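Some notes on the structure that comes next.
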Amino acid sequence: MIQQQRHQHIWIPETDKPRVVIIGGGFAGIKLAFKLKGKGMQVVLFDRNNYHTFQPLLYQVATAGLEPDSVAGPIRKQLEPDPDFFFRMATVERIDVEAQKVYTETGELAYDRLVIAAGSKTNYYGVQSVMNNAFPLKKIPDALDFRHHILQNFEKAVNHHNPEESSPYLNIVIAGGGPTGVEMAGALGELKKSVLPKDYPEMDFSSMKIMLVEGQQRLLGAMHPTSSERALRYLQKFGVEVKLNTLVQSFDGQKVKLSSGEEIPTQSLLWTSGVKGNLIAGLPEQATEKGRIRVDAYNRVE
């Protein structure tokens with residue numbers, strides 16, 4: 001039955017206008033859909049969720065600073081009504097570039113032009129133990145999972161007055177000193193300094209360790225060195241321990257092992273060390289390289 005469903009056509013009204021299919025309802029996909037309004041094209045947007053996520057603020061959801069609906073907006077509300085725009089909640093599983101069709105778990109659809117705006121996914125660089133046990137931060141469910149985890153751990157730590165027993169519940173390690181890692185470390189530092197002592201007055205948070213691990217020689221490597229220095233000073237002000245030129249080698253769910261040989265007792269490793277392309281099956285082999293899509297000067301898939 002499932003196999004038959006995959007060969008069904010996704011219903012979209014017939015039109016003599018060129019059909020543009022956009023895969024992905026992130027910033028790029030939604031912006032393009034806006035730009036194509038009134039351009040004489042039928043636009044069909046696919047996304048696995050029926051909402052757009054404002055990813056830069058996911059760290060606020062993960063630290064209970066914002067609720068999920070503050071960073072999510074319904075895609076239909078943003079782009080409809082428009083007689084030439086159609087949204088379908090589905091995951092595109094593969095592309096047939098010869099037949100010019102996309103295939104989803106709910107059916108197939110032909111296109112005249114295809115735009116791949118599927119974004120990226122977490123890159124674990126082949127570290128299996130991290131993949132199995134760490135928390136990513138790419139989607140709203142990721143943020144809620146981490147938020148629930150650390151709040152539950154704080155409740156468990158209340159029952160342990162010995163720092164050695166409570167440290168695995170309190171300590172938090174963040175891998176990756178890019179914007180997400182820096183923002184997350186800062187938000188956790190503020191929690192430790194201003195919020196948690198009020199919520200848990202019977203606990204001593206001075207032993208809580210918040211550690212940011214970065215493999216390069218400075219934080220925010222894609223930004224100006226001045227920004228890196230300011231970020232470092234800001235984090236240190238909130239008691240965040242920053243480890244530069246250091247990598248996470250493994251995490252078994254109870255301790256993080258660093259390339260320096262140091263081991264940190266913790267049940268909480270947040271992985272923000274990098275991303276790779278969210279590739280879709282069916283792209284020509286020569287069109288991808290190192291987890292990314294090769295494009296020409298006009299951003300067309302090679």
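The values are calculated or read from the model by the stated rules, or taken from the named source; none is laboratory data. These numbers were taken from a predicted model, which means no experiment stands behind them. Cβ coordinates were reconstructed from backbone atoms using ideal geometry, including for glycine residues, and neighbour counts include every protein chain displayed. These accessible areas exclude ligands, DNA and RNA; they are computed on the full protein's heavy atoms, side chains included. Shrake-Rupley method; radii C 1.70, N 1.55, O 1.52, S 1.80 Å.
Alpha carbon centre of the stretch 269-294 versus the stretch 101-130: separation in Å? Here the two parts' Cα centres lie 9 Å apart.
What number, rounded to the nearest 500 deg cm²/dmol, is the helix-based mean residue ellipticity at 222 nm of the chain, given -39500 (n - 2.57) per DSSP H run of at least four residues and division by all its residues? Taken over the chain, the calculation gives -8000 deg cm²/dmol.
Three semi-axes describe the equivalent ellipsoid of the stretch 2-98; taken as square roots of 5 times the Cα gyration tensor eigenvalues and ordered largest first, they are 28, 18, 11 Å.
Of the solvent-accessible surface of the stretch 191-278, computed with a 1.4 Å probe over protein heavy atoms with every protein chain present, carbon and sulfur atoms account for 48 percent.
The tail of the calculated P(r) for the stretch 167-254, taken as Cα-Cα distances beyond 22 Å, holds 27 percent of the pairs.
Axis of helix 140-157 versus longest Cα principal axis of the chain: the two differ by about 20°, to the nearest ten degrees. Highest average first, the peptides 11-17, 147-153 ordered by how many other beta carbon atoms sit within 10 Å of their residues are 147-153, 11-17. Relative contact order of the stretch 1-147: 32 percent, from C-alpha pairs under 8 Å at least 6 residues apart in sequence.
Stokes-Einstein diffusion for the chain at 25 °C, viscosity 0.890 mPa s, with a Kirkwood radius from C-alpha pairs, works out to 114 µm²/s. Charge tally for LEU232 (other residues, Cβ to Cβ under 12 Å; Lys, Arg +1; Asp, Glu -1): +2.
Close amide H pairs (under 5 Å, H built 1.01 Å from N) link ALA64 with no residue at least 5 positions away or on another chain.
Take the chain with all the other protein chains still there, run a 1.4 Å probe, and you get 55 Å² of accessible area per residue. Counting only alpha carbon atoms, the long axis of helix 179-190 and the longest principal axis of the chain meet at about 40°.
Just to be sure I understand: if I project the alpha-carbon convex hull of the stretch 52-154 onto a plane and average over all orientations, what area do I get in nm²? Could you put the intermediate results ahead of the total?
Working: hull surface 37.7 nm².
It is 9.4 nm².
Using a probe radius of 1.4 angstrom, the carbon and sulfur fraction of the accessible surface of the stretch 1-106 is 54%.
May I ask which of LYS209/LYS237; LYS37/LYS121; LYS257/LYS290; LYS156/LYS255; LYS121/LYS290; LYS193/LYS237 have a Cα-Cα span longer than 19 Å here? Can you show the working numbers first?
Values: LYS209/LYS237 14 Å; LYS37/LYS121 29 Å; LYS257/LYS290 27 Å; LYS156/LYS255 17 Å; LYS121/LYS290 13 Å; LYS193/LYS237 10 Å.
Over 19 Å Cα-Cα: LYS37/LYS121; LYS257/LYS290.
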